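The values are calculated or read from the model by the stated rules, or taken from the named source; none is laboratory data. Predicted model, so just to flag it, every value in this text is computed and none were measured. Glycine gets a Cβ as well: all are built from the backbone with ideal geometry, and neighbour counts include every protein chain shown.
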């Protein structure tokens, strides 16, 4: 599920601002970006997020609060700076090119001359960062709860449509089997002609055809899947993967239903059911 949560936390002289963004993803993929000097806390931050979420691509960004104590200090490599200045002067004299390095020139070599040194202890910073993450995750969950309620209503509406289509198939199935038996009997008698055919044998074959065309078992399993789907969608636990699996089962049972029936009306209903199941499966991808 998509969502955005922000939070802040402070402990002692440290303060952090956290932002957690989530988008749909089949699995849980957590990516963390922390302030310089605290790389060791990435594992703790990722674990904290994984304890709260179970699915989605999650991007976590944490920055130091504006009034917090500094986390790093810059260490300028003076020896390297002197060597660079002398080297450029020597180059200028050799080539006959006038000019001197300025402080601005040296500042442009920030990544070369300046090395950040952590001044904050990881354990001292963690309580404030954890508080910021917890606040952001709580804010995220509020947003996802609102979205989830709307999504649940949509899913239940689609299941209701599938149940209605299934009921129409169940109502049509007995007469479709009888019609098919009548067509088969008429066709066999037509082909047999004056030679005739054993009525008992004909009745036996028609009974076998009726048994192979019986869709009662598929309809029963579909109803059970609908009930299970509603139960999972209304629950409080993450159910995205289970719902995705149920959609596969619904599609499989509907395929079997269509292959067993020889009735045109049922075939049309099966196509409608497949289309609705596909829409249902697309929506399920948004469920954690």
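Across the range 22-33, the number of residues qualifying as in contact (Cβ under 8 Å) with a residue 40 or more places away in the chain and surrounded by 15 or more Cβ atoms within 10 Å (Cβ to Cβ) comes to 1. Remark: residue 263 matches the filter, which requires a residue to be over 17 Å from residue 283 (Cβ atoms) and touching a helix residue (DSSP H, G or I) at 6+ places or on another chain (Cβ under 6 Å).
Residues in the range 261-271 that are part of a helix (DSSP H, G or I) and surrounded by fewer than 18 Cβ atoms within 10 Å (Cβ to Cβ) were compared, and the one that is nearest to the chain's Cα centre (by Cα) is 271. Considering (1) within 16 Å of residue 250 (Cβ to Cβ); (2) surrounded by 21 or more Cβ atoms within 10 Å (Cβ to Cβ), say which one residue 156 fails and leave the rest. Residue 156 satisfies every listed condition except (2). Of the strands (runs of 3 or more DSSP E) contained entirely in the range 1-112, those carrying at least 2 residues that are closer than 30 Å to residue 243 by Cα and in contact with a helix residue (DSSP H, G or I) (Cβ under 9 Å, 6 or more places away or on another chain) fall at 3-11, 14-23, 28-33, 56-64. In the list 92, 12, 37, which residue meets the criterion of being touching a strand residue (DSSP E or B) at 6+ places or on another chain (Cβ under 8 Å) and more than 18 Å from residue 144 (Cα to Cα)? Answer to the selection: 37.
Filtering 233, 224 for residues that are surrounded by 20 or more Cβ atoms within 10 Å (Cβ to Cβ) and either modelled with pLDDT of 90 or more or under 26 Å from the mean Cα position of the chain (by Cα) (or both) leaves a single hit, 233. Is it true that some residue in the range 272-280 is outside the structural domain of residue 26 (by TED's automatic domain parsing), at pLDDT 85 or above and closer than 30 Å to residue 51 by Cα? Yes; the residues of the range 272-280 include at least one that is outside the structural domain of residue 26 (by TED's automatic domain parsing), at pLDDT 85 or above and closer than 30 Å to residue 51 by Cα.
Condition check ((1) surrounded by 11 or more Cβ atoms within 10 Å (Cβ to Cβ); (2) farther than 30 Å from residue 59 by Cα; (3) at pLDDT below 80) across all residues:
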| position | (1), (2), (3) |
| --- | --- |
| 72 | yes, no, yes |
| 97 | no, yes, no |
| 129 | yes, no, no |
| 135 | yes, no, no |
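If you go through the range 53-63 one residue at a time, do you hit one that is at pLDDT 75 or above, loosely packed, with under 13 Cβ neighbours inside 10 Å and under 28 Å from residue 129 (Cβ atoms)? No, that holds for no residue. Taken over the range 144-166, the residue count meeting the criterion of being more than 26 Å from residue 274 (Cβ to Cβ) and over 16 Å from the mean Cα position of the chain (by Cα) is 2.
Residues being part of a helix (DSSP H, G or I), in the same structural domain as residue 172 (by TED's automatic domain parsing) and over 18 Å from residue 163 (Cβ atoms) are represented in the range 217-240 by at least one member.
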